[in-house]
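Chemist: Sharing a structure with you now.
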Amino acid sequence: MLTIEIDTRGVATVAIEGHDGTHDYTVLPARPGLDDWAYVVERVVPGPAGEGGPHRVALAGATWRCSCGAWKYRSSGKEGPRGCKHCEAIRPLHAFLQRLGPREAV
């Protein structure tokens, strides 16, 4: 299940489970680029080594990709195009937003 919290500024926060527990990440639309859709995902409280983004999670055609290190290593392995936890979290959020209407409404 995906839990989305939206604050009074309209910033969405999504809980993403990782190897070191569950952490909240903000999700914002990314600047337009070559991708069909893109989001910036950033951990609200960075980890001790500064991990947590920001990461660009993008959809081009039917392929999700992420700028995080895990995606780079996993995307060509057994997990295939699913890649990383950021892609896994954004995929249902993106599907929900698509049901709401065009990007301008986001």
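Chemist: Evaluate the stretch 80-95: report whether one residue or more is in a loop (DSSP other than H, G, I, E, B), modelled with pLDDT of 85 or more and in contact with a helix residue (DSSP H, G or I) (Cβ under 7 Å, 6 or more places away or on another chain).
Modeler: yes
Chemist: Which ones in the stretch 53-74 are within 20 Å of VAL14 (Cβ to Cβ), modelled with pLDDT under 85 and in a strand (DSSP E or B)?
Modeler: Scanning the stretch 53-74 gives no hits.
Chemist: Pick from GLY50, GLY77: which is under 24 Å from VAL11 (Cβ atoms), outside any helix (DSSP H, G or I) and modelled with pLDDT under 85?
Modeler: GLY50
Chemist: What number of residues in the stretch 1-47 are assigned to a loop (DSSP other than H, G, I, E, B) and among the small types (Gly, Ala, Ser)?
Modeler: 4
The values are calculated or read from the model by the stated rules, or taken from the named source; none is laboratory data. All values derive from a computational prediction rather than experimental measurement. As a convention, Cβ positions derive from the backbone with ideal geometry for all residues, glycine included, and neighbour counts pool all protein chains shown.
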